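Following this message is one structure expressed as structure tokens.
Read the figures in this text as sums done on the coordinates, not as results from a lab. Every value quoted in this text rests on a predicted model; they were computed, and no experiment measured them. Cβ coordinates were reconstructed from backbone atoms using ideal geometry, including for glycine residues, and neighbour counts include every protein chain displayed.
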Amino acid sequence: MGERATSHSVTVEVNGEKVSRIVAARQLLVHFLRDTLGLTGTHIGCDTGNCGACSVIVDGKLVKSCMILAPQVDGAKIETVESLAQDGALSPLQESFHEHHALQCGYCTPGMLMSATYLLRQNPEPSDEEIRRGIRGNVCRCTGYVNIVEAIREASRGQATGRRSVHAAAGEEV
Amino acid sequence: MLLEQVEYVRPESVGDALEILASDDGAAPLAGGQSLVNVLKNRVASVDVLVDISRLAELSSIVRTADGGLSIGACVTYDALDRSPEVRESHWLLGDVAAHIEDQQIRNKGTIGGNCCLSDPTNNLPPVLVALDAVMELRSRTGERSVPAADFFKGYFATALEPGELLVSITVPPMPERSGAGYASLAVAADAKALVRAAARVTLDEGGATIADSRLVLARVAHVPVRDADAEARLKGADATEEAVRVACSGVADGMQPIADVHGTSEYRRQMAKVMARRAVAQAIAAARGSRNGSTAGGK
């Protein structure tokens, strides 16, 4: 990308699917995901890089998508919360969040799930301290974090039962 | 949030980046963006063109220098510093301070160069780099120059960088024999900005009983990290004991006028500067005696 311009062509692989779009240089990655691609699972909380609700994984690195410009991710592989469930079945981590009541309002959950996904890839058996350190960039105003830490700990131990969620069991879209 | 209209360019080389930076006063290098993007959101700075240097391989490596020091590219992230075997082997403290900056997301993007070039007085790395006698390697279209870290930080959000100049790497000399580094930081809450900080590097004499040389750098007592020359003079030749260090650090920050705000008065910060200095020096002594070449305590 040699030319300076206010808009750029960007090709990325989002959740395994290759997409190309023309983006404004000033567009934040979180807006590219939500508004341009319609992937509204990624939430905007503070829009200042503090709350972590917009966390996604770009080329294997956990980042806050409100702190990155869309043209910066050209050529990258992006994973959002939509990548976690497969064919309507929650991932073990999502199952564990469900079982341990690790969310109340759910607003922070997409970011928490992506931070926990990244953490467990780096460190498959984290201590509670390591879990808390891993989600330090994610703010939750409901739970007090205890159930989130439990959910991540149990998921890391493979102790989520692997039951399909109640929604999936009932044949609903999840 | 919608940013002001801005151009973006991703040059293929440092040379190309320098051309663009030299050709336009409104050009700004974009590295990790973890401060710059917020600056753009708040529209407190007007930028014509963002020059994305984050993918330039030349700026992203950590290299062991011939003398045993480190050459750290400006775009090396905090996470890369934390995980670098080279950094941990010779300058453990630098990796440890980087490991405690903010959170994983920010450590994955934020860079050592950005941390320094922003020159935010609350940033962690500047006092550490001053204590380690680091040298900032600057390059422009017309040449290169080396600026000691102690002379690089000029004030609130101000550095020695001239228009068109880019920080390309930071050279950290090898730790002298029998040396260790320490760092202590005081914040009122885990996520709060630090009230006062101290970074120290201590070299012990051959017997290990007295202090042969030291660097004691305070942060947040002034606009930029400052060496406390008086305290360094008192530490020289002092016994490497808790009591001797306490005495040597008793005058730390005297005569300085740290800012006062809702989190602490100027006097409180002055007093706490003595405590942080004492702890940083004590850790540096312990590190010099132990296997680690630096240790840390306190929050970020």
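Please rank B:MET1, B:MET136, B:MET272, fewest neighbouring Cβ atoms within 10 Å first, as an exposure proxy.
B:MET1, B:MET272, B:MET136
Related question: Evaluate the Kirkwood expression for the hydrodynamic radius of the protein assembly as shown, namely the inverse of the mean inverse distance over all pairs of different C-alpha atoms, and round to one decimal in Å.
23.6 Å
Using each residue's phi in the stretch A:146-152, evaluate 6.51 cos²θ - 1.76 cosθ + 1.60 at θ = phi - 60° and report the 3J(HN,Hα) Karplus result to the nearest Hz, with x for Gly and Pro.
Going residue by residue, I get 4, 5, 5, 4, 4, 4, 5 Hz, with x marking Gly and Pro.
Now a separate question. When only Cα pairs under 8 Å and 6 or more residues apart are kept, what is the percent relative contact order across the stretch B:96-226?
Relative contact order, the stretch B:96-226: 24 percent.
About the Cα centre of the protein assembly as shown, how large is the charge dipole given +1 on each Lys and Arg Cβ and -1 on each Asp and Glu Cβ? Please answer in debye to the nearest 20.
880 debye
Using alpha carbon centroids, what distance separates the stretch B:177-198 and the stretch B:1-73, in Å?
Value for the Cα centre distance between the two parts: 28 Å.
What are the ³J(HN,Hα) couplings of the stretch B:193-204, residue after residue, when phi is run through the Karplus curve with 6.51, -1.76, 1.60 and θ = phi - 60°? Round to Hz, x for glycine and proline.
Listing the rounded values in order: 5, 5, 7, 7, 9, 9, 10, 9, 10, 10, 10, 8 Hz.
Determine the shielding of peptide A:45-56 by partner chains: average, over its residues, the number of Cβ atoms on other chains within 10 angstrom of each Cβ.
3
Can you tell me the equivalent ellipsoid semi-axes for the stretch B:179-295? Use √(5λ) from the Cα gyration tensor, largest first, whole Å.
Taking √(5λ) for each Cα gyration eigenvalue gives 25, 15, 10 Å.
Over all residues in B:4-15, what is the mean tally of Cβ atoms on other chains that come within 10 Å of each residue's Cβ?
5
Give the percent of DSSP beta bridges with both residues in the stretch A:1-128 that are antiparallel, rounded to the nearest 5.
90 percent
Can you say what percent of the DSSP beta bridges in the protein assembly as shown, counting only those with both residues inside, are antiparallel? Round to 5.
Given both bridge residues lie in the protein assembly as shown, the antiparallel proportion sits at roughly 80 percent.
Residue by residue through the stretch A:4-15, what is 3J(HN,Hα) from phi via Karplus (6.51 cos²θ - 1.76 cosθ + 1.60, θ = phi - 60°)? Round to whole Hz and write x for glycine and proline.
Ordered by residue, 3J(HN,Hα) equals 7, 6, 8, 9, 9, 7, 10, 10, 9, 9, 10, 6 Hz.
What is the diffusion coefficient of chain B in µm²/s, taking the Kirkwood radius over Cα pairs and the Stokes-Einstein relation at 37 °C with a viscosity of 0.692 mPa s?
In µm²/s, the coefficient rounds to 168.
Let me ask you something else. Let me confirm one metric for peptide A:57-68, namely the mean number of other chain beta-carbon atoms within 10 Å of its residues' beta-carbons.
5
Would you list the P(r) distribution for the stretch A:7-83, with all Cα-Cα distances sorted into 10 Å bins from 0 and each bin expressed as a whole %?
In order of increasing distance, the bins hold 22, 61, 18 percent.
What is the Cα convex hull volume of the stretch B:7-52 when expressed per residue in Å³?
61 Å³
Here's something else I'd like to know. What value, in deg cm²/dmol to 500, does the helix sum -39500 (n - 2.57) over DSSP H runs of n ≥ 4 give at 222 nm once divided by the residues of chain B?
-9000 deg cm²/dmol
Using a ≥ b ≥ c from the Cα gyration tensor of the stretch B:101-220 (square roots of the eigenvalues), is it rounded, prolate or oblate, where a/c under 1.5 gives rounded and otherwise the larger of a/b and b/c decides, a/b for prolate?
Oblate, because a/c is 1.5 or more while a/b does not exceed b/c.
Past 32 Å, Cα to Cα: identify those pairs from B:LYS154/B:LYS274; A:LYS61/B:LYS193; A:LYS64/B:LYS274; B:LYS109/B:LYS274, in the order given.
Violating the 32 Å limit, Cα to Cα: A:LYS64/B:LYS274; B:LYS109/B:LYS274.
Sorted by packing (mean other beta-carbon atoms within 10 Å per residue), highest first, where do A:61-73, B:166-178 land?
The packing order, highest mean first, is A:61-73, B:166-178.
Relative contact order for the stretch B:7-52: what percent, with Cα pairs under 8 Å and sequence separation of 6 or more?
Over the stretch B:7-52, the number comes to 56 percent.
Please give the calculated 222 nm ellipticity per residue for chain A, where each DSSP H segment of at least 4 residues contributes -39500 (n - 2.57) and the sum is spread over every residue; nearest 500 deg cm²/dmol?
About -7000 deg cm²/dmol.
If you don't mind, there's one more thing I want to ask. Relative to the longest principal axis of the C-alpha atoms of chain A, give the angle of the C-alpha long axis of helix A:109-122, reported between 0 and 90° and rounded to the nearest 10°.
Tilt relative to chain A: about 80 degrees.
If you average the C-alpha positions of the stretch B:107-136 and of the stretch B:217-237 separately, how far apart do those two centres end up, in angstrom?
17 Å
When we measure straight from the Cα of B:LYS41, which aspartates and glutamates land under 15 angstrom away, once same-chain ones fewer than 8 places off are left out?
A:ASP47, B:GLU4, B:GLU7
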